[in-house]
1. Between B:A40 and A:M56, what is the label-point separation in nm under the 7 Å Cα-to-beta-carbon projection?
2. Sorted by average packing, counted as other Cβ atoms within 10 angstrom per residue and highest first, what order do B:66-74, B:143-151, A:56-64 take?
3. Determine, from the Cβ-Cβ distance of A:W68 and A:N9 and an R0 of 51 Å, the FRET efficiency 1/(1 + (r/R0)^6), rounded to the nearest 0.05.
4. Under the Karplus relation 6.51 cos²θ - 1.76 cosθ + 1.60, θ = phi - 60°, what is the ordered set of whole-Hz ³J(HN,Hα) values for segment B:160-175, x standing for Gly and Pro?
5. By counting other Cβ atoms within 10 Å of each Cβ, how are B:I161, B:I9 ranked from fewest to most?
6. What FRET efficiency would be calculated for the residue pair B:N79, B:V170, taking the C-beta separation as r and a Förster radius of 22 Å, to the nearest 0.05?
7. Ordered by residue, what ³J(HN,Hα) values in Hz, to whole numbers, does segment B:185-191 give under the Karplus form 6.51 cos²θ - 1.76 cosθ + 1.60, where θ = phi - 60° and Gly and Pro are x?
8. Between B:K87 and A:V117, with labels modelled 7 Å along Cα→Cβ, what's the label distance in nm to one decimal, could you check?
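FYI, it's all coordinate maths here, none of it is from the lab. These numbers come from a predicted model, not from an experiment. Every residue, glycine among them, receives a Cβ derived from its backbone with ideal geometry; neighbour counts consider all protein chains shown.
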Amino acid sequence: MSDRKGNRNVEGFLRFLSRSTPDLEPSPYFAARVARIAMEKNDSFAYFFSRMGRWMIPSTLAVCTLAWILILQGPLNSTDPLYETELLFEPEYASVEISYETVLGFNPAVLEQEASVEGKD
Amino acid sequence: MKKSDSELIADILEGEQSAYEELVRRYQSFVFNVVYHYFAKREDVEDIAQEVFLKVFQGLHSYDADRPFKHWLGRIASNMCIDEFRKRKRGRMISLESDLGKDEKADIEQLYQGAESNSFLSVGGTEAGLHFLKKAMDTLSEKDRMTYVLREVEGLAYDEIGSMLGTSVVAARIRVSRARQQLKAKLEEMLDV
């Protein structure tokens, strides 16, 4: 691997090294083992979800869009009387007198007063 | 009669395990040898080759039958090798001189003398050559290394390499040439040329 002048042909030696590297032979059971593992994975739930993963995002988006259309653009946000959700009448809160009687059914001050009158008697 | 790759793939997609076994057997040597030029331990090579074939199986439904299967497989194998190699290489500086002992340098010199005189090569000498080649290739970039392995070790054509690595033929040629120059420089250093 030297030329006439005795210079070393390093490139030729490199080529020789590259071409003469020994092959690494797989074990005789390698193919069978890999095929079995691949098929087992194929049957597993995890594999199913990994395969379905690519459909998860678009299908979730589709469901969300449908929900948005139905909820915001449909019954809950419609002026159609069919979907009318506003109260048909509003109670007049101003007319309702809020007192002990209306809330508790008795007035403690009145009770105390009555009790004191009874005590004096 | 031997089935074509496409026929085997069609059988695999129908759930035939033996078809996949046949396909793996057909290409296992190719994958092993590509991975072998990145990783020294046999167990590592076997693990990564297995991962490659499992990934191939998972992606078979998206395989484009118009492309040669070997190119598609080669692309998956090279990507996996490069990724795994980067993970393991991270944080580790590689020094060729410090990794090669005096005995190994002597082995390479002996191997060179043997190659020069066309004498019968000892197994030890060939192993030293492979060891040196791997150490020297550690200094190349991952893509240059893969391109060099596919061209110079596996003997693939440039257009095949381009298809496998997703680069143009010209880019593949440039990578091989650059890798060759770098390896040659390392070898000259070792042989005191």
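1. Roughly 4.0 nm, to one decimal.
2. Going from most to least packed, we get B:143-151, B:66-74, A:56-64.
3. Working from the Cβ atoms, E equals 0.10.
4. Running phi through 6.51 cos²θ - 1.76 cosθ + 1.60 with θ = phi - 60° gives 5, 5, x, 5, 5, 8, x, 10, 7, 4, 4, 4, 5, 4, 5, 4 Hz.
5. Ascending Cβ contact count within 10 Å gives the list B:I9, B:I161.
6. 0.55
7. 4, 5, 5, 5, 4, 5, 8
8. For B:K87 paired with A:V117, the spin-label model returns 9.2 nm.
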